[in-house]
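To start, the structure itself, in structure tokens.
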Amino acid sequence: MIYDVIIIGGGVIGCCIARTLSKYNISVALLEKEADIASGTTKANSGVVHAGYDADRKYIKRNLCIRGNYLFTKAHKELNFPFKRIGSFVVALEDDQIEQLNEHKQLGIQDGIPGLELILDKEKILEMEPNLTPDVKGVLHATSAGLVSPYELSFALAENAAKNRVKFFRNQEVIKIRHQDYIFTVRTRTDEFKGSNLINAAGLYSSNISKMLGLDYFDIIPRKGEYILFDRNQIHINKILFPSPTKISKGILVCPTLHGNVFVGPNAQNLIDVQDLSTTTAGLKEVLEGGKKLVPNLPVRSSIRNFAGLRAVPDTMDFIIDNTDVYGFINVAGIMSPGLTSCFSIAERVEEFLELLGVNMTIKEDYDPNRPAPEHFTQFSKKQIDKKVKEDPAWGRIICRCETVAEREIINAIHAPVGARTVDGVKFRCRPGMGRCQGGFCRPKVMEILSRELQIPYEDITKRGEDTNIVLGKTKDRILNQIEEQR
Ligand SMILES: Cc1cc2nc3c(=O)[nH]c(=O)nc-3n(C[C@H](O)[C@H](O)[C@H](O)COP(=O)(O)OP(=O)(O)OC[C@H]3O[C@@H](n4cnc5c(N)ncnc54)[C@H](O)[C@@H]3O)c2cc1C
């Protein structure tokens, strides 16, 4: 089969493009190298839907961010992913930072950003954010800023795209591309796919993909950001708190999550290794010190996890969204922050390019933009729980006690379109393993459920795909085999 469009990369950008194209009468395939979508940069970032005032006007990422932020409202109604406009504060700790915040406000208003206000009344600020440092001199309040769960957004996009007949292929690492007679032949480690148009949304690897077609005009530098996550209910933060930005970064923020935790981070360190997701003592110290400048009483002792994400920073410092010289090949590369915020506006731009390329953009008669929210045990009232458990006992079996996740949620996550195939896939879809014990108790049970539902041996269940097996075999079998060998 020759697809009308093939997308390389199943991060939030690839998934959003897939979902946007799923409304048209065209065939679309998405190829992802990992065992699951949302396994790259999309998995570990701050999850902030930025208001859009901070990027320089010379960059396309500024307008794409402002428009992207606006588009979240409709998408949230349709796709039911976790999203809340809680607003952000950029915090000035020195008098001379106020002028910079005022400039952001003025330019932001001119560019149509709603709800920007400069607050200089310290009492009012501390009333709005009681745990903020008393050294605050003023804040730029952006009411349109919000929080989103980046991977849950990606799952929602993929589920909806799959429902509208986009084909998702995981474990398909693209290794070679040929373009002949207006057809792309895309070779992966195991298969071959053909398409008339090809979209490169491969994140940190996007310059490699571009080079496969001889287009060597940008480089991607991995820039690591480390985070510390605190347990729930240890401290209350109302807003997304940014320090006054520097030229290279928005700085280390203190931020609530949509699930009741607080995190601090990220720092910024340029790397060579695109796989280095390690956290370091020095990095975490920097993150903590940065966070404490905004919130001095961070609950240091209740940190439950450290993690790192890698930004795909292009040498141009701007998003690269190009209809290239290779007919039908579109680069969507260098999607650093605010890429998550901009996913819907980036997808709009890709739509425009495909239209220019003459792709049939008529709307499917049966296109359905809606995706129901997955059901979670914690959202039910006691009465609803009684009813649910009577109808289906799997609602009554709590697998993860830290996050109160019922077996039915895990089964649903596995059988959803583009459903979970790994322990991490389940964790990121419905949270077993996200809590204080980090999966110490529930992981074996999650593995049992995966094994049973997917009908694959327990030993073949992995954490996140190839080479991440959790168990090797039955202890007794191994000992018996050893005894047998010694005889
Ligand atoms: C520390 C940090 C904080 C951030 N905070 C924010 C924020 O608060 N707000 C915001 O708007 N943005 C933020 N961002 C940016 C945002 O996370 C990214 O813009 C977004 O996730 C990029 O998505 P993507 O789909 O381009 O990349 P990815 O998520 O990396 O997806 C690319 C996919 O391509 C796949 N792939 C690669 N090579 C191949 C191949 N050869 N074959 C098949 N598949 C392949 C990868 O496995 C991956 O899944 C942050 C980023 C970082 C790192």
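Observations on the model:
- Net lengthening on full extension, LYS293/HIS259 (0.36 nm per residue, minus Cα-Cα): 9.8 nm
- Highest-first packing order for the peptide set 257-263, 268-274 is 257-263, 268-274, based on the mean count of other beta carbon atoms within 10 Å.
- Cross-link pairs beyond the 30 Å C-alpha cut-off, checked among LYS167/LYS387; LYS163/LYS388; LYS43/LYS137; LYS124/LYS250; LYS167/LYS211: LYS167/LYS387; LYS43/LYS137
- Stretchable slack from SER302 to GLU117, in nm (0.36 nm times residue separation minus alpha-carbon distance): 63.2 nm
- Partnerless cysteines, meaning none of the other Cys C-beta atoms lie under 4.7 Å away, in the chain: CYS15, CYS65, CYS255, CYS402, CYS430, CYS437
- Whether region 376-421 is rounded, prolate or oblate, judged on the alpha carbon gyration tensor where a/c under 1.5 counts as rounded: prolate
- For the peptides 35-44, 181-190, the ranking by packing is 35-44, 181-190, with the highest mean count of neighbouring Cβ atoms within 10 Å listed first.
- Direction-averaged projected area, Cα convex hull, region 377-475: 6.8 nm², rounded to one decimal.
- Helical runs assigned H by DSSP (4 residues or longer) give the chain a calculated mean residue ellipticity at 222 nm of -9500 deg cm²/dmol, each run adding -39500 (n - 2.57) before division by the residue total.
- Rounded FRET efficiency, nearest 0.05, which uses the C-beta distance separating GLU355 from GLN110 and R0 of 45 Å: 0.90
- The lysines whose alpha-carbon is closer than 30 Å to the alpha-carbon of LYS383, local same-chain residues fewer than 8 away aside, are LYS77, LYS84, LYS427, LYS445.
- Residue order, fewest to most beta carbons within 10 Å, for LYS167, LYS387: LYS387, LYS167
- Neighbourhood charge, 15 Å Cβ-Cβ cut-off, centred on ALA142 and excluding it, Lys, Arg +1 and Asp, Glu -1: +1
- Farthest positive-ward along the chain dipole, Cα basis, beta-carbon charges - from THR143, GLY260, PRO114: GLY260
- Rg over Rh for the chain works out to 0.98, using Cα positions for both radii and the Kirkwood form for Rh.
- Shape of region 89-212, Cα gyration tensor, a/c cut at 1.5: prolate
- Leading residue at positive end of dipole, the chain (Cβ point charges), from ASN412, ALA202, TRP395: TRP395
- For region 1-71, the alpha carbon positions stretch 45, 28, 19 Å along the principal axes, listed from largest to smallest.
- Share, in percent, of DSSP beta bridges within the chain that are antiparallel, nearest 5: 70 percent
No lab work stands behind these numbers, since they all come straight from the coordinates. Since we're looking at a predicted model, the values are computed, not measured. Don't worry about glycine lacking a Cβ; one is built from the backbone with ideal geometry, like all the others, and counts go over all protein chains shown.
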